[in-house]
Each structure stands twice: as structure tokens, then as C-alpha cells.
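Below: one structure, written as C-alpha cells.
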Amino acid sequence: MAIVTTRSVHVDRNCEVKKVIGIMVQSNSKSVATPSGSGSAGSMNGGLLPKMPTRSLPSVPRMRKIVGPGVIISAVGIGTGEYLLYPFITSRVGLTFLWAAAIGLAFQYFINTEVARYTLATGETILTGFLRLWRGWAPLFIVMTVVPFAWPAWMTSAAQMITFPLGGGNVTWIAVGGLALIGAVLTFSPVVYQTVEKLEMFKILMILAFAVLVVVLIGWRPWAEIPSATMEGIGRLPAEVPTTVLLSALIFAGGGGVVNLAVSNWARDKGWGMGIHAPRVVSPITGQEEAGSAAGYEFEVNDEELAKWKKWWTAVRVEQFFTFYVVTLVTIVVFSVLAFSTVTQGGYSGGADLGFIRFLGESLQEKYGAWLKLLFWSVGAISLTFANLVVVDMVARITSNILSTIYLSNHARWTEAKIYSTVVWVMVALGALILGLGLNQPFVLIAIAAILNGLVMVVCCVLIIRVNGSLDRRIGISIGRRCAIALAALVYAAFTTYTITTFI
């Protein structure tokens, strides 16, 4: 606890004391509680969960030690919107829908950084912040996390692409095997976050290397079409593309749904801000569990700590801008331009399924050779598998965070790490069951997940404004950012409502 500066009060013996100024420090020099509002958590300190003790905000490390959460969340989008959805849309309407990617990613950039703000200030995940407001969010967010992502759309897509060069194969069994491999990786990793970060960093570097190859192969002419196509299509929803696909592209350009909330979980394990004081999720088999609880810590907001806060806030925005916004937008543009230069607009008459990816690969073979077709499919299969790994990790993190905070707090056996591993295998089993029931059309699964996540995004945006608006005013959300998050909520609500009415 921080020691409160005191001020001596001299009272004239003949006068009545009307006000006591300051709080006297006890003679034994023990620290006392910080006055309400002077801690970084502001009015969020308390509520329905234990109060946060005070600790020091750590200094900002070098940027290479900060990079990570943005890479992980961009890896989810690169497995769906970038590789599957935007190239398909481009084959129908050219490059006229890329404006939606830029705007959708901008919304998610603001959401991601606001999610990170709460963790920087408290060391808690933002979901723990929601639970401080109302415990009823616990079952609701478990449902909103598990249900949209129980459909293993990413792994199913990867399995289908594996069958392309083989000339066939059992997609269901390949997908189930992939899910089991994901479960094993997440279960036996000593420190789960470190494994996920390394795998997704490899994926991002692979995608960027492929993007460079694409730029070299297709030349400069297709890129010249982007400005005019963007101006032609901005604000227009192309009738040539099903609305479910458009919504999926908007939602999954980046993260989408509770994936964005998981930025705070990854930031906590990365040690951003006050997250350095929180325990990390480790394997209950190969890792060593760390003492701690879901409740966080606040720092005293003074000149010294504010100076460190400003450096942290700048570093996080830079990390999210380049590793999330720029990397994701570049890959969307590259894969879209690849489709634009290879497939004649309207040249593919099939539906929104992986038949388009097969068609695009075969078109690449005709133009550049079989090696590029195989490389394109291989990059896609690896990307989608790694995206599904992040999805399972995210669901397990959020669910275990909620359960260990509300229902199993301080339980001797069921630690957050054990809950995490259990949820991982529940997700594997759910995915296998869904595939066994025959729901194995990736675009349909992605469309269902997009509709559900669109509704989740609206709820999350409202809660983010509420929670971050309750932090100390010197570090809380600004008016401009409130407007940006509110606008995102309105767009998600309108787009999801329109899609539901059209889809049903």
C-alpha cells in the first residue's frame, strides 16, 4: 500500500474543529490504504470482487519484449478473412470491397487497445473487470465464447485443402486429428502463451514471405487498380456477394467477437503493465504453476507512475498498430490482389465454399506452375490450422479465467491451469462431435460464427466503455475513443441485424 502524504492540522484550543485535513501516518511507518480514486483502477477497485492491493507499475521494456499479443490476434484473421473471404469477394466484385477491411480493422484496433488499457492499469483481464460489475456476465460470456467457436471451421478448411493435392481423403478424420494435435500442443506446453506466440510468429513470417513472393510475381499493374476501385466501392455492399460472407469478412478481418477480449489475457501473460504481477497459464503436466489469483493490482497515480504509464500506453498502441492493423491489412490486400490478377472478375461461378480455393490454386498453376499451387494450398492449410489453435487457446483462456474467478476461486484442486487444459479437450471433443454430425462446410460454419460474434461485439463495446470509463480519469478512456467504440457497436449491430434478417 502507498503511504499517503499527510498534512499537520493545528487547532486553536478555543475553536471547534470543522474539518480534518489529511490522514496521519502511524508512528510505526506502516503503509495505509490509498484514498479512493487515487489508484489506477479508480472506481473499478472493489465491486463484486476483492479489492486490488497497490503495487508499482513496471518500467517499459524494449519493444521486442512487448511484441506478441498483436501477432496472435492477427494470426486468427489471417486464417479466415485474409485467405478465404476477401479473395472470394474479390473474384466477384474486384477490389471494390477492400475499404471495409480498412474500416473493420480500425474498429478492432481501437477495441484491442482499450482492452489492453484495462490490463495495463490493473493486471486483470477485462473479463474480470466485467465480472466486477455483475456476476451474471460469467455464464453469459462462457456461452458467448464457447458456442460461436465450437464450430471448427478453420481446421475443417485446412483438412479440405490437404485433400486437394492428394486427390481426396476423409476430411472429417483429418480435421479431428488436427484438433487432437492442437489439444496436445496446448496441454503439454510448459508456459502456454510462449508456445502460442512462437507458433503464430512463425505463421506471420511465413505469410509475409509468401506476400513478398506474390508481389514479385504479379508485378505492379494490379496494385494501380486499388485507389480507383476503393473510391468506386466505398460505402457500398455488393449485391453479388451473400450478406453472410460480407459480415464474416467484416467480423473476421482481424479477430472478431471474444477474440478481441482475449488480447487482455495474452497481455497479462506477456507481462504488459500491471500484468507482470499476475500468474501465467502453464501446463499442469509439464509446467510449474505460479501462485496468484484472477484479482489484479493497481498503482498509485502520481507523476512518476504517470510517466511510466504514458510510455506503456504508447508502446501498446504501436505494437497493435503494426503487428495487428498493418500486418493484417497488408495480407488482406496481397491475397485479394493475387485473386484479382489470377481470376477474371466473375470467372468463378461457384458458391462461397472451398471450391473457390481449389479453383484459385488451379488457376495459379496454369499461370505460374504447379509449384505455386502447392505452395498456396500449403500456406493456407498451415495458416488455418494455426488459427484454430489460437481459437482453442482463446476459448480455454477466457472460460478458465471466468471459472477460476467466480466459481472456483481459491479451489485447492481446480487451478486456472487445470481448468484451462480441461476446456481445451472439451473444445476438441465438441469439434469432433460437430464434424461427426456432418456440419463440415467451412463457409457455413464461419458464417454462423460471424453472426454470433457480431452480437457479441456489440455487448463487448458497451462494456468496454463502461469499465474503462471507471478507471482513474488520468488514464481512463478518452471522449474520442468512447465515440470510436460506440460507432463500432452501432456498425456491428446494424450489419448483424441486416445479415440475420437476410440469412433467415
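Summing +1 for each Lys or Arg and -1 for each Asp or Glu among the other residues whose beta-carbon sits under 15 angstrom from that of Val259 gives -3. For region 260-349, the dipole from Cβ point charges (+1 on Lys and Arg, -1 on Asp and Glu) about the Cα centre works out to 400 debye, to the nearest 20.
In this Cβ point-charge picture (+1 for Lys and Arg, -1 for Asp and Glu), the chain has a dipole of about 1100 debye about its Cα centre.
Tell me the net charge near Ser43. Cut-off is 15 Å between Cβ atoms, Ser43 excluded, with +1 for each Lys or Arg and -1 for each Asp or Glu. Summing Lys/Arg as +1 and Asp/Glu as -1 gives +2.
The figure for Met427 is an accessible area of roughly 10 square angstrom, using a 1.4 Å probe on the protein chains alone.
Would you work out the relative contact order for region 190-314, in percent, from Cα pairs under 8 angstrom that are 6 or more residues apart?
29 percent
Sorting 104-112, 201-209 by average packing, meaning the other beta carbons within 10 Å per residue, from highest down gives 104-112, 201-209. Prolate is the label for region 200-333. Its Cα gyration tensor axes, ordered a ≥ b ≥ c, give a/c of at least 1.5 and a/b above b/c.
For the peptides 332-343, 383-394, the ranking by mean Cβ contacts within 10 Å, running from highest to lowest, is 383-394, 332-343.
For region 89-226, the dipole from Cβ point charges (+1 on Lys and Arg, -1 on Asp and Glu) about the Cα centre works out to 100 debye, to the nearest 20.
Rounded to the nearest 500, what is the 222 nm mean residue ellipticity of the chain from helices alone, with -39500 (n - 2.57) per DSSP H run of 4+ residues and division by all residues?
Value at 222 nm, helices only, nearest 500: -20500 deg cm²/dmol.
Note: relative contact order over region 349-440, using C-alpha pairs below 8 Å and six or more positions apart, is 17 percent. Evaluated over the chain, the count of Lys pairs having alpha-carbon atoms less than 24 Å apart is 17 (only pairs 8 or more residues apart or interchain).
By accessible area, using a 1.4 Å probe on protein heavy atoms only, the chain has 63% of its surface on carbon and sulfur.
Using the Cα gyration tensor of region 139-234, with a ≥ b ≥ c the square roots of its eigenvalues, what is the shape: rounded (a/c below 1.5), prolate (a/b larger than b/c) or oblate (neither)? Note, shape of region 139-234 comes out prolate. With the Kirkwood sum run over all distinct C-alpha pairs, region 35-76 has a hydrodynamic radius of 13.5 Å.
All alpha carbon pair distances within the chain were sorted into 20 Å bins beginning at 0; the resulting P(r) in whole percents reads 23, 53, 19, 4, 1, 0. Sparsely packed loop sites in region 224-286 (the trypsin sites (Lys or Arg not before Pro) outside DSSP H, G, I, E and B with at most 16 other Cβ atoms within 10 Å) comprise Arg236. Here the peptides 192-200, 85-93, 299-307, 255-263 are ranked by packing, the mean other Cβ count within 10 Å, and the order with the highest first is 255-263, 85-93, 192-200, 299-307.
In whole percent, what relative contact order does the chain give with Cα contacts below 8 Å and a gap of six or more residues? All intermediate terms of the calculation are to be shown ahead of the outcome.
On the way: 823 pairs, mean separation 160.1, N = 504.
RCO, the chain: 32 percent.
The values are calculated or read from the model by the stated rules, or taken from the named source; none is laboratory data. All of these numbers come straight from a predicted model, not from anything done at the bench. For neighbour counting, all protein chains shown are included, and Cβ atoms are generated from backbone atoms with ideal geometry for every residue, glycine included. What goes into the accessible areas is simple: the full protein's heavy atoms, side chains included, and nothing from ligands, DNA or RNA. Shrake-Rupley method; radii C 1.70, N 1.55, O 1.52, S 1.80 Å.
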